[in-house]
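What follows is a single structure, written as structure tokens, with notes after it.
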Amino acid sequence: MQERRQSERVRQVFLPACLTINETKHVAVIRDLSESGIGVRCTIAAKPGQQVSVQWGSNAPLDGVVGWLNGDRLGIITECSPIAHSDGSHPRASRFDIGLPAEVHHRGGSSAVELVNLSTKGMSIAHPGELRFGDLVTVCLGTQTFAECTVRWSRDGSSGLLLKNPLRLDEIRHILELAQGSWRWDEIKTYKVAS
């Protein structure tokens, strides 16, 4: 690891990212980018040589291979430059696909929704009702409540919500683990119809 750092200086960053290994998504933090790889902090069991995919901001996922491990840090070797892969725009918070049933409370009523994705500052929901820009809603996901979320956009049964309080990465990690370890939204709907 020391030789790599001497031969090629990296761009140090702090970017929340989605790291995918064997179709399982993990919350990670990109700590550095170089012309040939990415340094990531993530509490997962990865192995050198393992294929991974990393997505951050509004960039498309970038494929790579785990090159080294050191505690909760890992180096990902990529074929193209992660720096060149970045689109250069102001980085948008990484979205983590969730796909869990939730409930939204709005104007004295409530309805079942799907929590489509989640970031540190917001979420996207699919809903049967009508939400308008600027509306305040409360979203309940199991025992977790996201109060006073502001509708930032709404169209075709989907809405983007701004959270009143940003989420920590460990909170997102917990929700993502729930989503990947539980029944999926369409399976729950199928079960309810069959019952």
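The values are calculated or read from the model by the stated rules, or taken from the named source; none is laboratory data. Computed from a prediction, not measured in an experiment: that's the story for all the values here. Cβ coordinates were reconstructed from backbone atoms using ideal geometry, including for glycine residues, and neighbour counts include every protein chain displayed.
Some values worked out for this structure:
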quantity	calculated
Pair list, Cβ < 8 Å and 6+ apart or interchain, from region 70-88 residues that are under 15 Å from G49 (Cβ atoms) and in a strand (DSSP E or B) to residues that are at pLDDT below 90 and basic (K, R)	G75/R4
Search result, residues across region 127-136 that are modelled with pLDDT of 95 or more and under 28 Å from W56 (Cβ atoms)	none
Candidate set from region 42-56 (those that are of a type in the set (A, V, I, L, M) and touching a Ser or Thr at 6+ places or on another chain (Cβ under 9 Å)); member that is farthest from W68 (Cα to Cα)	V54
Qualifying residue in region 75-97 (condition: in contact with a Lys or Arg (Cβ under 9 Å, 6 or more places away or on another chain) and modelled with pLDDT of 90 or more)	yes
Matching strands (runs of 3 or more DSSP E) fully within region 97-158 where at least 2 residues are among the polar types (S, T, N, Q)	109-118, 144-155
Residue count, region 135-183 (criterion: aromatic (F, W, Y) and in contact with a strand residue (DSSP E or B) (Cβ under 7 Å, 6 or more places away or on another chain))	2
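Table: residues versus (1) of a type in the set (K, R); (2) free of Cβ contacts under 8 Å to residues at least 40 places away in the same chain; (3) surrounded by 16 or more Cβ atoms within 10 Å (Cβ to Cβ); (4) closer than 23 Å to R168 by Cβ.
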{"residue": "I38", "(1), (2), (3), (4)": "no, no, yes, yes"}
{"residue": "A45", "(1), (2), (3), (4)": "no, yes, no, yes"}
{"residue": "G49", "(1), (2), (3), (4)": "no, yes, no, no"}
{"residue": "W56", "(1), (2), (3), (4)": "no, no, yes, yes"}
{"residue": "P61", "(1), (2), (3), (4)": "no, no, no, no"}
{"residue": "V65", "(1), (2), (3), (4)": "no, yes, no, no"}
